[in-house]
Amino acid sequence: MKKRELLNKKQGEFYNTKKKNLATRVWSYFRNGALNRIKKEIEVEKDIYALHVSWFGDLTEKKVLDLGCYAGNSLSMYLATHSRQYLGIDLSEKGIAGLSSRLKDIPNANAIVMDFLSDEFKEKDFDLIYAYGVLHHFKEVEELIEKLKEKTTSNGLIISHDPLQTSLSINILRRLYRPFQSDKEWEWPFRRATYYQFEKAFEIKERRGVLGKAKWSGFLNLLPISQNSKLGKAKEWHLQDWKISAESDEHMFSCMHLSMLMKKK
Ligand SMILES: C[S@@+](CC[C@H](N)C(=O)[O-])C[C@H]1O[C@@H](n2cnc3c(N)ncnc32)[C@H](O)[C@@H]1O
């Protein structure tokens, strides 16, 4: 078995079982616990999903690839029901089995176990590739970019959402945790250079960073101010991140996650 096939197998099994070591569980606790609570309170996810839906535009004539769909996120069913043709692919059999059962009554919607980079993946001419939490799983960014170009139509769009490793605090945290991380072999949060590789290869029509200033919202709990004031301040920081990261590279790089709407050049 080739190195990549072995790694895909390992990654597929990781997502099948979601078995994490202690360090990865601690990181997930921070990410899914405290951070997700903040994200929910200030409606980060809600804003991201609304933005992605606006980026999708009219899907009625579009052939869509939900890349790395796992069992489908909030927008997978939206894509499947609104597009001309929907295909979800993932390395995890469990994820695909889950999504397939949700898709069973939707015409022209399908989900298969497949490696995006594999020669066995013959489908192409996608008008839209949706990759939520997926592009940072590819170590070889140039190879990924070539494949994204090969699989999209001439006006094809790619919508992504990935973690960034560009802010000093997150970089330090991630570096400390990385040696102990269960999924380090396929987790490559974007660096500055990664962003610039995408910028060189595609027209970045729009982008938004989240959890720049807002990632510090948890510390507002240390202040003797009302719950409402804390929430108001946290929301204000989120809106600043949202607005400023669209234009300023420096502000975008201070964020923890980045959404991009890319078009083939
Ligand atoms: C963080 S999960 C995101 C799942 C889903 N998009 C969501 O939003 O819940 C990343 C997924 O990408 C998939 N993946 C990683 N590399 C892939 C590849 N080469 N081909 C297909 N799927 C891949 C993994 O199996 C995993 O399920």
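The values are calculated or read from the model by the stated rules, or taken from the named source; none is laboratory data. This is a predicted model, so every value here is computed, not measured. Note: ideal-geometry Cβ built from the backbone for every residue, glycine included; neighbour counts use all protein chains shown. Only protein heavy atoms, including side chains, enter the accessible area calculation; ligands, DNA and RNA are left aside. Shrake-Rupley method; radii C 1.70, N 1.55, O 1.52, S 1.80 Å.
Straight-line cross-link reach from Lys10 at under 17 Å between alpha-carbon atoms covers these lysines, not counting any fewer than eight positions away in the same chain: Lys2, Lys18, Lys19, Lys20, Lys94, Lys139, Lys184. The GNM of the chain, with springs linking C-alpha atoms under 10 angstrom apart, assigns the highest mean-square fluctuation among Ile158, Ile244, Ile225 to Ile225.
Comparing Ser182, Ser118, Ser76 in a Gaussian network model of the chain (Cα springs below 10 Å), the most mobile by mean-square fluctuation is Ser118.
Starting from the Kirkwood radius over alpha-carbon pairs of the range 1-91, derive D by Stokes-Einstein at 25 °C in a medium of 0.890 mPa s and give it in µm² s⁻¹.
156
Its Cα centre serving as origin, the chain has a Cβ charge dipole (Lys and Arg +1, Asp and Glu -1) of approximately 860 debye. Take the solvent-accessible surface of the protein heavy atoms, probe 1.4 Å, and return the percent of it on the chain that carbon and sulfur atoms account for. In the chain, the share of accessible area belonging to carbon and sulfur is 55 percent. Highest mobility in the GNM of the chain, judged by mean-square fluctuation with C-alpha springs under 10 Å and restricted to Asp66, Asp105, Asp115, is found for Asp105.
Per residue, the convex hull around the alpha carbon atoms of the range 167-221 comes to 119 Å³. Relative to the Cα centre, the charge distribution of the range 4-127, modelled as +1 at Lys and Arg Cβ and -1 at Asp and Glu Cβ, gives a dipole magnitude of about 700 debye.
Taking label positions 7 Å along the Cα-Cβ direction at both Arg102 and Asn21, the computed distance is 3.1 nm, reported to one decimal. Applying 1/(1 + (r/R0)^6) with R0 = 41 Å to the Cβ-Cβ distance of Ala246 and Glu185, what FRET efficiency is obtained, to the nearest 0.05? Step by step, r from the Cβ atoms, then E = 0.80. Modelled label positions at Ile225 and Ser169, each set 7 Å beyond Cα in the direction of Cβ, lie 1.5 nm from each other. The C-alpha atoms of the chain occupy a region whose extents along the principal axes are 58, 40, 38 Å, arranged from largest to smallest. Selection among Val53, Ile158, Trp186 by position relative to the dipole of the range 3-190 gives Trp186 as farthest towards the positive end (Cβ unit charges, Cα centre).
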